[in-house]
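Participant: Handing you this structure, nothing more for now.
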Amino acid sequence: MTDMGWINGAITGARPAAVGALLRYFRDLDTAEEAFQEAALRALKSWPANGPPRDPAAWLILVGRNAALDGLRVRAKHTALPPDEVLSDLDDAEATLADRLDGAHYRDDVLRLLFICCHPDLPATQQIALALRIVSGLSVAQIARAFLVGEAAMEQRITRAKSRIAKADVPFEAPGAVERAERVGVVASMIYLLFNEGYSAGGDPARGPLCDEAIRLARLLLRLFQTEPEIMGLTALMLLQHARLAARFDAAGEAVLLEDQDRTLWDGRLLAEGLALIDKAVRHNLPGPYQIQAAIAAIHSRAVRAEDTDWAGIDALYAALERMQPSPLATLNRAVATAKVHGPEAALTMITPLEERLSGYYYYFGARGAFLAQLGRLAEARTAFDRAIALADTPAQAAHIRRHLDGLMRSA
Amino acid sequence: MLYAILCYNDEDAVWSWTKEEDDAVMGRLAVVRERLAPIMGPSARLLPTTAATTLRKSPEPIVIDGPYAETKEQLLGFYVIDVANLDAALDVARQLTAANPGGAYEIRPIALYQPDKRVS
């Protein structure tokens with residue numbers, strides 16, 4: 001099957017390895033990208049007629065490298081471009097290149113490409129935009145739409161990020177074990193940030209693909225580092241959360257709470273993959289924050305009905321997360337589970353000391369109001385809900401609290 | 001005669017399909033399966049190799065993350081089992097190993113299982 005859908009898929013799939021290898025060869029991001037662009041154009045011409053090559057990445061690297069070298073020669077000598085026939089005998093070269101790609105080279109090429117997008121001098125939004133442009137190959141227009149900014153502004157943002165990287169020292173030697181682990185951690189954070197950009201936008205069709213792209217990058221990272229339980233955890237976490245997309249918003253576009261969601265709308269294939277990965281990760285007995293969050297999501301996923309949820313298990317996992325990464329937000333999340341297991345009084349005691357640090361936080365007052373309401377302290381609950389509404393970021397959040405308030409009115 | 005048809009493709013490319021592209025392919029395949037219902041046994045779509053775990057059977061059984069990557073052995077058969085989780089699946093694989101040591105079992109979760117369409 002050599003229809004255009006397959007060819008586009010093959011080019012997109014091969015892109016990280018191909019651009020990564022071209023970057024190692026030319027040591028310049030723009031040259032590597034242009035070389036890949038040229039190779040992709042030639043692939044669109046050649047593959048429908050000749051059939052796709054055995055190893056699309058190797059083909060794209062070889063053709064891209066030759067094309068860029070020709071370009072450099074032309075610029076140097078002002079001679080005419082060599083005809084395409086010069087490039088026609090690809091088969092032999094392809095095999096040796098493919099052999100080399102199978103090893104650690106390929107892995108470090110892709111990791112390097114992801115890693116340079118995460119340069120510490122770049123703000124998080126620029127890291128994500130750069131990764132989408134360079135690694136995923138989204139167009140500037142697509143990225144601009146996803147970030148809700150104009151195309152010119154996004155073009156400028158990406159250009160600025162690139163020039164900052166060009167000035168920085170990009171490490172081209174193969175990294176040592178410790179350095180490699182650090183790079184993997186930095187790249188994992190960037191991928192999760194990218195996912196959250198899409199996730200927080202909910203059903204917005206322009207931003208939704210960010211979640212798919214983050215999952216694709218995570219699968220890529222996991223394939224390079226098959227035995228890293230935290231990468232399994234990260235991938236599982238995103239799959240399990242993304243699986244709920246169709247159930248997270250009602251027909252009016254309002255957010256639906258986890259416990260109110262129609263679980264038959266959850267995507268079974270994403271859930272199966274996420275659960276399989278968390279099972280794999282747990283066997284390593286090396287818990288980390290992504291694994292614990294994924295394990296929490298997995299408990300929700302395994303509950304056929306909301307009332308079947310193993311809240312004691314979730315409470316224990318949040319306690320572990322709190323020990324690993326202490327923060328008021330971790331405690332707040334845990335309190336929701338604690339309320340289910342030990343009652344609202346225990347949960348209220350747990351979150352009351354956080355009030356000062358979370359005084360600008362919608363979720364804090366929403367949770368506080370809910371606990372107070374369960375305890376029958378309705379006047380205090382109303383005060384908390386009023387503050388939550390004032391702090392709501394979206395109309396859906398405010399509407400959600402208003403429904404709580406309506407509930408209070410009815411029970412009062 | 002029963003035949004197994006094993007499906008191979010570029011995983012990166014297939015998992016890069018958009019939902020629309022994926023649905024289109026699955027829709028076309030569903031039509032073929034329907035047409036061939038009298039001869040169509042069970043079929044399965046596997047999750048990506050990143051979800052796989054391998055039990056290398058000899059010299060000592062050892063669990064490895066990822067798919068079976070060696071090329072010196074050949075695919076000789078497969079089982080479909082229905083268990084709660086990976087540990088239970090590995091337990092089944094160990095029981096099979098006890099009866100037949102040597103080689104490896106790749107344990108790959110199934111994304112989509114289509115039962116036997118033949119009328120029994």
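The values are calculated or read from the model by the stated rules, or taken from the named source; none is laboratory data. All values derive from a computational prediction rather than experimental measurement. Every residue, glycine as well, gets a Cβ built from its backbone with ideal geometry; the counts of neighbours run over all protein chains shown.
Participant: How do the pairs read when you match residues in segment A:361-383 that are surrounded by 18 or more Cβ atoms within 10 Å (Cβ to Cβ) with residues anywhere that are outside any helix (DSSP H, G or I), using Cβ under 7 Å and keeping only pairs 6 or more apart or on different chains?
Facilitator: A:Tyr362/A:Ala392; A:Tyr362/A:Asp393; A:Tyr364/A:Leu358
Participant: Just checking, which of A:Thr227, A:Thr264 is facing another protein chain (nearest Cβ under 9 Å) and either in contact with a helix residue (DSSP H, G or I) (Cβ under 9 Å, 6 or more places away or on another chain) or over 22 Å from A:Leu210 (Cβ atoms) (or both)?
Facilitator: From the options A:Thr227, A:Thr264, the qualifying one is A:Thr227.
Participant: Next question. Looking at A:Leu329, A:Leu286, which is the one that is surrounded by fewer than 19 Cβ atoms within 10 Å (Cβ to Cβ) and at pLDDT 95 or above?
Facilitator: A:Leu286
Participant: So, in segment A:113-141, of the ones that are touching a Leu at 6+ places or on another chain (Cβ under 8 Å) and either closer than 18 Å to A:Ser200 by Cβ or surrounded by fewer than 19 Cβ atoms within 10 Å (Cβ to Cβ) (or both), which residue ends up modelled with the lowest pLDDT?
Facilitator: Checked segment A:113-141; the qualifying residue modelled with the lowest pLDDT is A:Ala124.
Participant: From A:Ala252, A:Ala298, A:Ala201, A:Ala281, grab the single residue that is over 25 Å from B:Ala13 (Cα atoms), surrounded by 16 or more Cβ atoms within 10 Å (Cβ to Cβ) and away from chain B (no Cβ under 14 Å).
Facilitator: Sole residue among the options that is over 25 Å from B:Ala13 (Cα atoms), surrounded by 16 or more Cβ atoms within 10 Å (Cβ to Cβ) and away from chain B (no Cβ under 14 Å): A:Ala201.
Participant: Got a sec? Which of A:Gln226, A:Gln156 is outside any helix (DSSP H, G or I) and either of a type in the set (Lys, Arg) or farther than 14 Å from A:Ala131 by Cα (or both)?
Facilitator: Within the list A:Gln226, A:Gln156, the selection yields A:Gln226.
Participant: Still on this structure: Could you please let me know if B:Leu86 is free of Cβ contacts under 8 Å to residues at least 40 places away in the same chain and more than 22 Å from A:Arg223 (Cα to Cα)?
Facilitator: In short, no.
Participant: Restricting to segment A:239-259, what's the tally of residues that are within 19 Å of A:Leu193 (Cβ to Cβ) and among the small types (Gly, Ala, Ser)?
Facilitator: Number satisfying all stated conditions: 0.
Participant: Here's another thing I want to ask about it. What is the number of the single condition among (1) in contact (Cβ under 8 Å) with a residue 12 or more places away in the chain; (2) more than 17 Å from A:Ala131 (Cα to Cα) that A:Ala21 does not meet?
Facilitator: (2)
Participant: While we're here: Among the residues of segment B:32-43, is there at least one that is more than 12 Å from chain A (Cβ to nearest Cβ), closer than 20 Å to B:Arg108 by Cα, among the basic types (Lys, Arg) and not in a loop (DSSP other than H, G, I, E, B)?
Facilitator: No; the residues of segment B:32-43 include none that is more than 12 Å from chain A (Cβ to nearest Cβ), closer than 20 Å to B:Arg108 by Cα, among the basic types (Lys, Arg) and not in a loop (DSSP other than H, G, I, E, B).
Participant: While we're on this one: Looking only at segment B:62-81, which residues are exposed (fewer than 11 other Cβ atoms within 10 Å of the Cβ) and within 12 Å of chain A (Cβ to nearest Cβ)?
Facilitator: Passing the criteria: only B:Thr71.
Participant: Among the residues of segment A:302-317, is there at least one that is of a type in the set (Ser, Thr, Tyr) and either free of Cβ contacts under 8 Å to residues at least 24 places away in the same chain or part of a helix (DSSP H, G or I) (or both)?
Facilitator: Checking segment A:302-317: not a single residue is of a type in the set (Ser, Thr, Tyr) and either free of Cβ contacts under 8 Å to residues at least 24 places away in the same chain or part of a helix (DSSP H, G or I) (or both).
Participant: Which pairs turn up if I take residues in segment B:11-25 that are surrounded by 13 or more Cβ atoms within 10 Å (Cβ to Cβ) and look for partners that are in a helix (DSSP H, G or I) and β-branched (Val, Ile, Thr) with beta carbon separation below 6 Å, at least 6 apart in sequence or on another chain?
Facilitator: Pairs found: B:Ser16/A:Thr12.
Participant: Sort through A:Leu275, A:Leu321 and tell me the only one that's under 18 Å from the mean Cα position of the chain (by Cα), more than 16 Å from A:Lys340 (Cα to Cα) and either buried (at least 18 other Cβ atoms within 10 Å of the Cβ) or among the aliphatic types (A, V, I, L, M) (or both).
Facilitator: A:Leu275
Participant: Can you confirm whether B:Ala44 is of a type outside the set (Ser, Thr, Tyr), in contact (Cβ under 8 Å) with a residue 12 or more places away in the chain, surrounded by 11 or more Cβ atoms within 10 Å (Cβ to Cβ) and out of contact with any Asp or Glu (no Cβ under 6 Å at 6 or more places or on another chain)?
Facilitator: yes
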